[in-house]
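Asks: Pasting a structure here, questions to come.
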Amino acid sequence: MQLTDWLLYNSKKLGLKADKYSWVDEWLPGFFDYGIIISVNNKTFSGRGIDKTEETAFHKAAAEALERAAVGIARLEMPWSTAAYPTTQGAEERAYYELLGIDRVFCHHYCRKKMREIPWEESGGFFPDAHLGKVLKENKLDVRLYEMRAAMDAKSVCAIATGGEVTRIGGFIAGFGTDKTIQLAIQHAVIECLRTAVVCLFVDYKPEEPLDDLKRRGEPRWHFWQAQTTKSLRYLKENLLPLQAKLEILEPEKISIADVTFTKIQTLNSVFPGVPLVLTQARSSKLITPQFGDFNFSPEIMGRLMDFNGETVNIDCGIPHFYG
């Protein structure tokens with residue numbers, strides 16, 4: 001059974017609610033943005049999907065909501081680097097890309113390794129560049145693209161947004177993308193960056209709960225808010241963004257999907273037998289296991305950072321990483 005048919009058949013049991021967001025009409029005409037909310041075991045889970053094809057955007061949002069439900073039911077000690085996809089290969093690739101992308105951010109941030117700026121032309125014409133450039137200029141929003149160190153079989157990109165009309169924000173909004181090509185990685189990063197920046201930088205957007213609570217629970221959202229400070233932006237500019245006169249050369253790291261192990265998450269099938277998605281989680285001894293809040297610089301993590309950096313690393317613990 002296809003995912004659309006399965007969702008329609010189980011819509012009442014899921015308590016499925018779908019919202020279609022209109023911001024893309026102004027910023028990314030021709031794109032569709034869906035938000036999905038479902039209820040499983042009396043808990044709500046949400047997903048978001050953006051694509052040029054409406055059905056694909058809906059599928060992405062539904063798959064993300066179902067993935068979060070599966071992880072929530074499983075109560076995993078480490079609920080990150082997971083993915084849901086109709087095939088095992090697709091799920092494993094996406095879980096690997098998430099794990100790799102998070103590792104890239106951690107390593108660049110704590111090693112103070114500069115990224116390579118990417119011209120917008122490398123997106124391969126996926127976005128309405130002329131229109132988007134005009135809207136960005138009108139709204140005083142600057143979005144720049146940076147490549148992080150590649151693996152042997154994947155590229156990682158970070159999109160950084162600064163500016164906007166709300167001057168209370170002195171930091172930045174980041175979006176991330178990792179995929180088999182630089183074009184695909186750029187697409188993921190820009191979409192993730194824009195969908196957040198359009199909300200956060202143009203309305204009086206505030207944390208829904210105290211930041212100390214987010215930090216204590218190890219929530220990625222804490223890092224999202226910490227990035228929106230002048231000290232985080234200063235650290236980013238001084239340590240991670242390349243000098244205009246210097247083109248950074250980042251040699252690919254000898255890491256690939258072959259260095260990753262995968263575990264299938266079966267919890268959703270116990271509640272919804274026959275769900276047409278494979279859910280999996282990625283782990284690797286060669287990549288940093290995702291962590292949020294207070295960062296644990298264990299000997300294993302320090303060894304990983306030294307491998308990435310090629311020399312001893314002096315950690316600045318005062319600036320949290322910006323993956324959130």
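Asks: Of the residues in the stretch 238-266, how many are within 21 Å of CYS111 (Cβ to Cβ), at pLDDT 95 or above and surrounded by fewer than 14 Cβ atoms within 10 Å (Cβ to Cβ)?
Replies: The total comes to 3.
Asks: Under the condition of being surrounded by 12 or more Cβ atoms within 10 Å (Cβ to Cβ) and modelled with pLDDT of 85 or more, which residue from the stretch 198-212 is nearest to LEU136 (Cα to Cα)?
Replies: Restricting to residues being surrounded by 12 or more Cβ atoms within 10 Å (Cβ to Cβ) and modelled with pLDDT of 85 or more, the top hit is VAL198.
Asks: Enumerate the helices (runs of 4 or more DSSP H) found wholly within the stretch 194-254, keeping only those where 2 or more residues are aromatic (Phe, Trp, Tyr).
Replies: Of the helices (runs of 4 or more DSSP H) lying wholly inside the stretch 194-254, those with at least 2 residues that are aromatic (Phe, Trp, Tyr) span 220-226.
Asks: Residues GLU26, GLU54: which one is charged (D, E, K, R) and touching a residue at least 40 places away in the same chain (Cβ under 8 Å)?
Replies: The match here is GLU26.
Asks: Could you identify the single residue in PHE308, PHE292 that is in a loop (DSSP other than H, G, I, E, B), modelled with pLDDT of 95 or more, among the aromatic types (Phe, Trp, Tyr) and out of contact with any strand residue (DSSP E or B) (no Cβ under 9 Å at 6 or more places or on another chain)?
Replies: After applying the criteria, what remains is PHE292.
Asks: Which of the following residues is under 30 Å from VAL135 (Cβ atoms), assigned by TED's automatic domain parsing to the domain that holds GLU122, out of contact with any Cys (no Cβ under 6 Å at 6 or more places or on another chain) and touching a residue at least 60 places away in the same chain (Cβ under 8 Å): ARG195, ARG217?
Replies: Being under 30 Å from VAL135 (Cβ atoms), assigned by TED's automatic domain parsing to the domain that holds GLU122, out of contact with any Cys (no Cβ under 6 Å at 6 or more places or on another chain) and touching a residue at least 60 places away in the same chain (Cβ under 8 Å) holds for just one of ARG195, ARG217, which is ARG195.
Asks: Still on this model: For the stretch 80-117, what are the residues that are in contact (Cβ under 8 Å) with a residue 60 or more places away in the chain and over 18 Å from the mean Cα position of the chain (by Cα)?
Replies: Listed by number, the residues that qualify are PRO86, THR87, THR88, TYR110, CYS111, ARG112, LYS113, LYS114, ARG116, GLU117.
Asks: Name every residue in the stretch 1-23 that is under 27 Å from THR196 (Cα atoms), among the hydrophobic types (A, V, I, L, M, F, W, C) and either in a loop (DSSP other than H, G, I, E, B) or in contact with a Gly (Cβ under 8 Å, 6 or more places away or on another chain) (or both), in order of residue number.
Replies: Correct list: LEU16, ALA18.
Asks: Sticking with this one: Does GLN183 satisfy the condition of being among the polar types (S, T, N, Q) and either surrounded by fewer than 20 Cβ atoms within 10 Å (Cβ to Cβ) or in a loop (DSSP other than H, G, I, E, B) (or both)?
Replies: So GLN183 passes the test.
The values are calculated or read from the model by the stated rules, or taken from the named source; none is laboratory data. The shown structure was predicted, so the numbers you read here are calculated from the model rather than taken from an experiment. Cβ sites come from the backbone with ideal geometry, for glycine too, and all protein chains shown count toward neighbours.
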